[in-house]
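Inspection log for the structure reproduced underneath, given as structure tokens.
Any read-out appearing in this document is the output of simple, stated calculations on the displayed coordinates, not a laboratory observation. It should be emphasised that the depicted structure is a prediction, and the values quoted were computed from it without experimental measurement. Cβ: placed from backbone, ideal geometry, glycine included. Neighbour counts: every protein chain shown.
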Amino acid sequence: MRACSHKLAAGSNPGPSELGLPEFGLSQEDLWGIVGLIHDFDYEKYPSLEDHPYRGNEILKERGWPEVIRRAIMSHAEYSGVTRETPMERCLFACDELAGFITAVALIKPGKSLAEVDAKSVRKRMKDKAFARKVNRDDIVNGAAALGVDLDEHISFCIAALRGIAAELGLDGSAAKVTASP
Ligand SMILES: [Fe+2]
């Protein structure tokens, strides 16, 4: 979701009413970040298509989480029937599978580092059906299209965003150094 703030940064910044942002004292960046952070929180316990993200939605509703967050979470599952209407919802979908795929590409690089990943290498791996086969390539392509951004540009932006937290992700090259040390 951090990557998706490029829509905000680009000036196509929807107002609070347009987003349905309630009075929680959250900036849009905070809101988008929270949605990105928690959208799969129920997946580990409830991974089936029948449960995820429905169980999570129920849990959040019981605890009083706002509709704007719950709706975005529901919309990231194609099969939920909840359409993606807001920039936040479209960004969640556009970045979700792609972030996992970029991570997978980084992990096969010699240095296990995001610094070794670019849009070209991601596009090349997208054509390799055996690589990270659980990642739906159509979701990546359609997600960028729905955002109205060029796919290469979107991939590059997401790589850059992930590089910003590479150390936290363990994708700053330190994993390869640990492996290589005697
Ligand atoms: Fe999910």
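The label point for D30 and the one for N142, both projected 7 Å from the Cα toward the Cβ, are 3.4 nm apart. Here the peptides 53-65, 83-95 are ranked by packing, the mean other Cβ count within 10 Å, and the order with the highest first is 83-95, 53-65. Restricting attention to region 5-180, lysine pairs at least eight places apart or on different chains and with alpha-carbon atoms under 15 angstrom apart total 4.
Using the beta-carbon distance between K45 and R123 and R0 = 22 Å, what value does 1/(1 + (r/R0)^6) give for FRET efficiency, to the nearest 0.05?
Once the sixth-power term is evaluated, E becomes 0.05.
Rounded to the nearest Hz, the phi-derived 3J(HN,Hα) couplings of region 132-141 under the Karplus curve 6.51 cos²θ - 1.76 cosθ + 1.60 (θ = phi - 60°) are 6, 5, 6, 7, 7, 5, 4, 4, 5, 5, where x marks glycine and proline.
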